[in-house]
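Reading through the structure tokens given below for one structure.
The values are calculated or read from the model by the stated rules, or taken from the named source; none is laboratory data. Everything numeric in this text was worked out from a predicted model, so none of it was measured. Note that each Cβ is placed from the backbone with ideal geometry, even for glycine, and that neighbours are counted across all protein chains shown. In case anyone asks, the SASA skips ligands and DNA or RNA and just uses the protein heavy atoms, side chains included. Shrake-Rupley method; radii C 1.70, N 1.55, O 1.52, S 1.80 Å.
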Amino acid sequence: MTREILVELADAVAGGKAERDSPYPPERRGEDGAAEICLAALAAGVSPEDVLRRGLVAGMQRVGERFARGEAFIPEVLLAAKAMRAALAHLEPRLAKEEAGRRGTVVLGTVAGDIHDLGKNLVGMVLQGAGWRVVDLGVDVSADRFAQAVRAEHPRVVGLSALLTTTMAHLGPTVERLRREAPGLPVYVGGAPVTPEFAERIGAAGTFPDAFAFARHLGEAG
Amino acid sequence: MTVEFSLEADGLPLSAEEVFRAWHCPPDGGNAFVEAVVERTLEAARPRMAVRAGYRRLDAREIDLETGPVIGSQLEGASSLVVFLVTLGPGYDEWVRSSFRRDPLVGCAADTIGSLAVEEAAEILEGRVDAELLGEGLGATRRLSPGYCGWDVAGQAALFAALPEGFLGVRLSPSFMMVPLKSVSGVIGAGRRVAKRPYPCATCGIESCSRRRRGA
């Protein structure tokens, strides 16, 4: 029973079926969505951790795999994220901030002077779907603001984004500031112009071609 | 002389296909539902745009833009500089934020549509400036903006200093970000010895750049 309901939940998330009333996908009109299945799983006594890991995370992983193979595009990721959010709204109250089942906190933000947040938002949604608590500081975030968030949120990982070659210049000083603030805290960087060589040069923990590759790496890193 | 004008959002050539191109998707977004959502978002977006544009022409000796070598070479020979600004207004930013909270797909579509719209508005402004300069027998460079081609975003300070205070209701944050976010600033070089040259895209890694999408 537990297994079936979690597979059903993962299917709903991967297929972008948020709620019973959701019009997407058209062929599943009138069927339960992630929200209803999540509630049913909790009512059946499935632990919130299993609902998160084996339902929501598994569903988002499946979209990630399709995205990596070029079989899914950004809209499908967004629809899956919407379904995940619909379920998470019911699950969140049952999951304490750092409770078992959560991998920990990730602080994300776009560096100072840069207003591009589409990529960063996608990363946030995918990481949330991978079981992380995400603190999104938004765009135009100064190194001091990142440091402040690190003090307040005690994240396991920080992710910095920059889309412009010129604002990419803020990545190095921000990584440096965070290294002083929290030695050993992995700080990852991302954005169109960022290369692995650049990430290494500025002392970042790494960079990844897309949100799913980043989530996979964090999952493997434990 | 400072020029200011409004643009009709309905007149901006926007399409769902452009949104999908920006997302590296198939031209229909991958399925009919997604296409319909983006089409609807496009319809909802236009009335929320309060498109304003304006510019000021200065003698090139009056302003030091510190553009860096790539932009500097584009502006070489310009006798005057047209500093310009375009914005969709503050209401659009708020709509994008609230859309995103409600539905990630609609929010992302609204965000991308806004980015495309403000670029199209800048395109129209560029056309007007070109026509004005042509009428005086002058050539024009392409429009060039801080943040691209090695021109540091700190260059915004000099641009905004050349415009009247609070021009079009756009202000700069301490880190030179424009508020409202869906705004474009920049410069066009003018003179008898300048012309539009291709953007130096081969030297830049930003695949999503609007100039690259236009194949310029």
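For the reader, a short list of remarks on this structure follows.
- To the nearest ten degrees, helix A:2-15 and the longest principal axis of the Cα atoms of chain A are 60 degrees apart.
- Relative intensity of the stretch A:30-94 on a log10 scale, I(q)/I(0) at q = 0.29 Å⁻¹, equals -1.22, per a Debye sum over C-alpha point scatterers of equal strength in the absence of solvent.
- Chain A - mean residue ellipticity at 222 nm from DSSP helices (-39,500 (n - 2.57) per run, n ≥ 4, rounded to 500): -14000 deg cm²/dmol
- Rh by Kirkwood over Cα pairs, then Stokes-Einstein D for chain B at 0.692 mPa s and 37 °C, µm²/s: 182
- For the stretch A:132-222, pairs of C-alpha atoms spaced more than 18 angstrom apart make up 40 percent of the total.
- Nonlocal amide H pairs with residue B:186, under 5 Å, H built at 1.01 Å: B:84
- At full extension, residue B:98 and residue B:40 could sit 19.3 nm farther apart than now, given 0.36 nm per residue minus the alpha carbon distance.
- Its residues counted as N, chain A yields a C-alpha radius of gyration over 2.2 N^0.38 Å of 1.04.
- The local environment of residue B:104, defined by Cβ-Cβ distances under 11 Å, has a net charge of +2 under the rule Lys, Arg +1 and Asp, Glu -1.
- Projected label points at residue A:169 and residue B:59, each 7 Å from Cα along the beta carbon direction, are separated by 3.0 nanometres.
- Entry note, chain A: relative contact order of 17 percent, from Cα contacts under 8 Å with a spacing of 6+ residues.
- Summed side-chain charge close to residue A:29 - residues other than residue A:29 whose Cβ falls under 11 Å, Lys, Arg +1, Asp, Glu -1: 0
- Highest average first, the peptides B:184-194, B:3-13 ordered by how many other beta carbon atoms sit within 10 Å of their residues are B:184-194, B:3-13.
- Among the protein heavy atoms, those of residue A:49 account for about 40 Å² of accessible surface (1.4 Å probe, every chain in place).
- Estimated dipole of the protein assembly as shown in Debye, rounded to 20 [Cβ of Lys and Arg +1, of Asp and Glu -1, Cα centre]: 600
- Angle between chain A longest axis and helix A:58-68 axis [Cα atoms, degrees, rounded to 10]: 60
- In Å, descending, principal axis extents of the Cα set of the protein assembly as shown: 79, 49, 36
- Backbone amide hydrogens, once placed in the peptide plane, bring residue B:171 within less than 5 Å of B:179, excluding anything fewer than 5 places away on its chain.
- Annotation: aspartates and glutamates with alpha-carbon distance below 18 angstrom to residue A:120 (same-chain offsets under eight excluded): A:76, A:136, A:140, A:210, B:93, B:103, B:111, B:207.
- Here the dipole of chain A is about 360 debye; that uses its Cα centre as origin and unit charges on the Cβ of Lys and Arg (positive) and Asp and Glu (negative).
- Only Lys, Arg (+1) and Asp, Glu (-1) charged, at Cβ; the stretch B:2-214 dipole about Cα centre in debye: 280
- Computed per residue of chain B from DSSP H runs no shorter than four, each worth -39500 (n - 2.57), the mean residue ellipticity at 222 nm is -12000 deg cm²/dmol.
- The angle between the Cα long axis of helix B:104-135 and the main principal axis of chain B comes to about 30°, on a 0 to 90 degree scale.
- For a label point 7 Å along the Cα-to-beta-carbon line of residue A:151, residues of the stretch A:171-193 with backbone N under 15 Å: A:177-183
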